[in-house]
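Visitor: Sharing a structure here in structure tokens format.
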There are 2 protein chains.
Amino acid sequence: MEQEYPSPLLEAAVARLSSLPGIGRRTALRLALHLLRRDVSEAVALGQAIMDLRRDIRYCSVCHNISDDEVCPICSSAGRDRSTVCVVENVRDVMSVERTGQYNGLYHVLGGVISPVDGIGPDMLEIDSLVERVRAGGIGEVILALPATMEGDTTDFYIYRRPEGVAGLRVTQLARGMAVGNDIEYTDELTLGRSLLQRTPFGV
Amino acid sequence: MEQEYPSPLLEAAVARLSSLPGIGRRTALRLALHLLRRDVSEAVALGQAIMDLRRDIRYCSVCHNISDDEVCPICSSAGRDRSTVCVVENVRDVMSVERTGQYNGLYHVLGGVISPVDGIGPDMLEIDSLVERVRAGGIGEVILALPATMEGDTTDFYIYRRPEGVAGLRVTQLARGMAVGNDIEYTDELTLGRSLLQRTPFGV
């Protein structure tokens, strides 16, 4: 038997591709062989896009969302409600909230949630900068839009209890309840219980 | 609502990554955000490996397997049986046969199989070069190791019937039969039928 791959170039590409999450060596090999069947310019463009992304990306100095400028388009937009800040875990969550079309305020990206198991404490997240933003004034409501998990709840509570923090402000949390389109019988009991306790007037 | 992605760099990386087979925009975004959390050197190495692979890869002039040299290590190996050629569809199949540890001959990579539906005719495959190799002499057996599909069978038959081709040679095909470890009841009837017709003496 010879070496597993017939070429060190292929070996290197497979090793790099399979270091990505959710991509094993079989998938990596499939991707590499796909690239070999395409035009050179396509592979070069992919490689370049990956390098450019990581080398040149910047983060908004206000909300810590990904941004190509010092301040992101959302934070610098004149059309958005500057008195409301939606606190999210990561950049993807900003995109999710934006896609709803139901929100016109600003964001604050924490970069994670508190998780003692994973060794992530509050000082590793953008919580201090959130408190500073709030203390600088002009903010009337903080919406906690963190995951509905133990870690998310812990982080919600930590932010809420910061003594110099959000006291005096309206602090809200995303509603927990049945997913739109779901059946009662397929809704888990914790969620169903919450949606009973937090039931809303019909027709509102 | 703002644009879907907060950065053209991110947009470009997602577009490029999602052009890969089996990678949709959601997965591409997950991969891009993963790269943003890693060291710059990691993203640069990935991008470079992709470009190098496509730009510098070469194919063996004899068997058309991927190779960093003019002739691949298998074709140039002194330790391999040069009288046997195993005909496979693609580079991955060479690796699969090599991994069995049961083969010590040479290969010939067709680059596909005949498929009128996909517009792939015999002239688009490395069949002429196979016939040339055979006519050059020194080959005693051609093993057809193409997929056990209609397209694979068609290609087998086409190669077998080439008038100036493999006549006079021993031409063999991979055995069809029950997969090792499988139950009778889970073996489809075509395969089970073939393994009955081609039953082998016990203990051999």
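Visitor: Direction-averaged shadow area of the convex hull around the Cα atoms of chain B, nm²?
Guide: On the way: hull surface 73.1 nm².
Averaging across all directions leaves 18.3 nm² for the Cα convex hull.
Visitor: Determine the percent antiparallel among the DSSP beta bridges restricted to the protein assembly as shown, to the nearest 5. Before the final figure, lay out the partial values.
Guide: Details: 6 of 30 bridges.
Counting DSSP beta bridges with both partners in the protein assembly as shown, the antiparallel share is about 20 percent.
Visitor: Could you provide, to the nearest whole Å², the per residue accessible area of the protein assembly as shown with probe 1.4 Å? Before the final figure, lay out the partial values.
Guide: On the way: 22630 Å² over 408 residues.
Per-residue accessible area for the protein assembly as shown comes out at 55 Å².
Visitor: Using a Förster distance of 45 angstrom, determine the FRET efficiency expected from the C-beta separation of A:T191 and B:V117, and round it to 0.05. It would help to have the intermediate numbers written out before the result.
Guide: Working: r = 48 Å, r/R0 = 1.07.
Using R0 = 45 Å, I get an efficiency of 0.40.
Visitor: Given a Förster distance of 51 Å, report the FRET efficiency between B:S96 and A:D69 from their Cβ-Cβ distance, rounded to the nearest 0.05. Mind showing how you got there, number by number?
Guide: On the way: r = 50 Å, r/R0 = 0.98.
Approximately 0.55, to the nearest 0.05.
Visitor: Further question on the same structure: In nm, one decimal, shortest first: how far is the label point of B:S76 (7 Å from Cα along Cα to beta carbon) from the matching points in the other copies?
Guide: List, nearest first: 5.6 nm.
Visitor: Taking the rotation axis that maps chain B onto chain A, which residue of B brings its Cβ closest to that axis, and at what distance in whole Å?
Guide: Residue with the nearest Cβ, plus whole-Å distance, for chain B: B:G47, 2.
Visitor: Next question. Out of the DSSP beta bridges found with both residues in chain B, what percent are antiparallel (nearest 5)? Walk me through the numbers before you get to the answer.
Guide: Numbers: 3 of 15 bridges.
Antiparallel bridges make up about 20 percent of those DSSP assigns within chain B.
Visitor: In nm to one decimal, list the spacings between the A:R161 label point and its equivalents in the other copies, with label points set 7 Å along Cα to Cβ, shortest first.
Guide: 8.1
Visitor: Right, next: Can you tell me the FRET efficiency between A:R37 and A:D81 if r is taken as the Cβ-Cβ distance and R0 is 60 Å, rounded to the nearest 0.05?
Guide: Numbers: r = 50 Å, r/R0 = 0.83.
Taking R0 as 60 Å, the efficiency between A:R37 and A:D81 is 0.75.
Visitor: If you take the square roots of the eigenvalues of the alpha-carbon gyration tensor of the stretch A:8-56 and sort them as a ≥ b ≥ c, do you get rounded (a/c under 1.5), prolate (a/b over b/c) or oblate?
Guide: Values: a/c = 2.00, a/b = 1.19, b/c = 1.69.
Oblate, since a/c reaches 1.5 and b/c is not below a/b.
Visitor: Further question on the same structure: Enter the buried accessible area of the A/B pair, total of both sides, probe 1.4 Å, in Å² rounded to the nearest 100.
Guide: Numbers: alone 14140 and 14170 Å², together 22630 Å².
Separately minus together, A and B give about 5700 Å² buried.
Visitor: Just the Cα atoms of the stretch A:66-173, one point each, no solvent: what log10 I(q)/I(0) does Debye give at q = 0.14, 0.15 Å⁻¹?
Guide: Each listed q maps to, in turn, -0.53, -0.61.
Visitor: Taking a point 7 Å out from Cα toward Cβ as the label site, list the nm distances between B:G138 and the same residue in every other copy, smallest first.
Guide: 7.9
Visitor: Write down, largest first, the equivalent ellipsoid semi-axes of the stretch A:1-100 in whole Å, where each equals the square root of 5 times an eigenvalue of the alpha-carbon gyration tensor. Write out the running numbers ahead of the final one.
Guide: Working: eigenvalues 319, 44, 26 Å².
Equivalent-ellipsoid dimensions as semi-axes: 40, 15, 11 Å.
Visitor: Roughly how much of A:R194 is accessible, in Å² to the nearest 10, using a 1.4 Å probe?
Guide: Answer for A:R194: close to 90 Å² accessible.
Visitor: Moving on to the next point. Taking only Cα atoms and a 10 Å spring cutoff, compute GNM fluctuations for chain A and point out the largest among A:V14, A:V131, A:V44.
Guide: A:V14
Visitor: Let me ask something additional. Can you send over the carbon and sulfur percentage of the accessible area for chain A, probe radius 1.4 Å, protein chains only?
Guide: Numbers: 5980 of 11300 Å².
Carbon plus sulfur share of accessible area: 53 percent.
Visitor: May I ask for log10 I(q)/I(0) of the protein assembly as shown at q = 0.08, 0.10, 0.12, 0.14 Å⁻¹, from a Debye sum over the Cα atoms as equal point scatterers with solvent left out?
Guide: Debye output, listed in q order: -0.66, -0.85, -1.01, -1.21.
Visitor: Would you mind checking which residues have amide H under 5 Å from A:I120's amide H? H placed 1.01 Å from N; only 5 or more apart, or other chain.
Guide: A:S115
Visitor: Now for a separate question. As a test of the formula, what do you get for chain B when each DSSP H run with n ≥ 4 contributes -39,500 (n - 2.57) and the sum is divided by the residue count, at 222 nm and rounded to the nearest 500 deg cm²/dmol? Could you put the intermediate results ahead of the total?
Guide: Working: 7 runs with 80 residues, N = 204.
So the calculated ellipticity at 222 nm is -12000 deg cm²/dmol.
The values are calculated or read from the model by the stated rules, or taken from the named source; none is laboratory data. All of these numbers come straight from a predicted model, not from anything done at the bench. Using ideal geometry, Cβ is built from the backbone for each residue, glycine included, and neighbour counts are taken over all protein chains shown. To get the accessible areas, we keep the full protein, side chains included, count just its heavy atoms, and leave off ligands, DNA and RNA. Shrake-Rupley method; radii C 1.70, N 1.55, O 1.52, S 1.80 Å.
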